[in-house]
Amino acid sequence: MFAYYFPMESIVISIGGSVILSEDANISFFNELKTLLKKLSKDFKLYLVVGGGKTARAYINFGRKLDFEENILDAIGIDVTKVNAKLLANILEISNKKIPNTTDEAKELKNPIIVMGGTTPGHSTDMVGAELAEKLDASKFIIATNVDGVYDKDPNKFKDAKQIKEVTIRQLIDEYGIEWSAAGKNIVIDGPALEIINRAKIPTFVLNGKRLDQLEKAITNQQFDGTIIKI
Ligand code: UTP
């Protein structure tokens, strides 16, 4: 008898720092996140790329007032993403504890769940997630942010902003471009990430990372409340 072993599907999730350290994040949210990710890790190899959120932006804004150069501001942002990644890694128990510095390092790790933060200046952790998804030939890239997907305008600023259910990668590139603008720029998906999603044709979903039921649905191929980026 021959036994065939199929490699597990890899899924990359970019989790905004705003999801991990949101105003309303509490112990029960972290426990639910841990339970969900542990359950899903039986069927999927999960890679989590954690953002810097408010803390990163606070440091970056302060450094900018002090006239720090852009790449120093990015480097400060990267360090904060790694602190957030370390927090999540310790919550998850079954993940790596040492945070990798590159996507290549992350690719070599064997834990059921891999957690990392930023890597090099000039982009956000969304681009790190897209780069990792390309290297792993991941089946999906999920951007778990603090709003319910991509909107026609910033939903945190405009009450009448409308959620977009489907958008093509071309439309996003035409709207936002593929350049990196500045450290701490809080946009839905950064330009360098869009470029990789387009090049590598990675199926990409944007959803609210605080809504764990929607995250689970997106991972398990069910209909979810969020945005599908058509490639
Ligand atoms: P984030 O990925 O957190 O950016 O990185 P963000 O858009 O503020 O995302 P949210 O709010 O967490 O969803 C924070 C900053 O760190 C630098 C950039 O300056 C970025 O704006 N950074 C991060 C890098 O330069 N390279 C990286 O790989 C990651």
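Quick notes on this structure:
- Candidates Val19, Val12, Val83 - the one that is part of a helix (DSSP H, G or I), under 22 Å from Ile114 (Cα atoms), of a type in the set (Val, Ile, Thr) and modelled with pLDDT of 95 or more: Val83
- Identity of the residue in region 184-193, modelled with pLDDT of 80 or more and over 13 Å from the mean Cα position of the chain (by Cα), that ends up farthest from the ligand (Cβ to nearest atom): Gly191
- Subset tally (residues that are part of a loop (DSSP other than H, G, I, E, B) and either buried (at least 23 other Cβ atoms within 10 Å of the Cβ) or more than 10 Å from the ligand (Cβ to nearest atom) (or both)) for region 103-126: 8
- Within the option set Gly129, Gly149, Gly177, Gly118, being free of Cβ contacts under 8 Å to residues at least 24 places away in the same chain and of a type in the set (Gly, Ala, Ser) holds for one residue only, Gly177.
Yes or no, residue by residue, for (1) surrounded by 19 or more Cβ atoms within 10 Å (Cβ to Cβ); (2) closer than 20 Å to Thr103 by Cα:
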{"position": "Met8", "(1), (2)": "no, yes"}
{"position": "Gly17", "(1), (2)": "yes, yes"}
{"position": "Glu32", "(1), (2)": "no, no"}
{"position": "Val49", "(1), (2)": "yes, yes"}
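- Subset of region 157-178 (residues that are within 16 Å of the ligand (Cβ to nearest atom) and either surrounded by 12 or more Cβ atoms within 10 Å (Cβ to Cβ) or on the phi > 0 side of the Ramachandran plot (or both)): Leu172, Tyr176, Gly177, Ile178
The values are calculated or read from the model by the stated rules, or taken from the named source; none is laboratory data. Because the structure is a prediction, the values reported are computed rather than measured. Ideal geometry is used to build each Cβ from the backbone, glycine not excepted, and the neighbour counts take in all protein chains shown.
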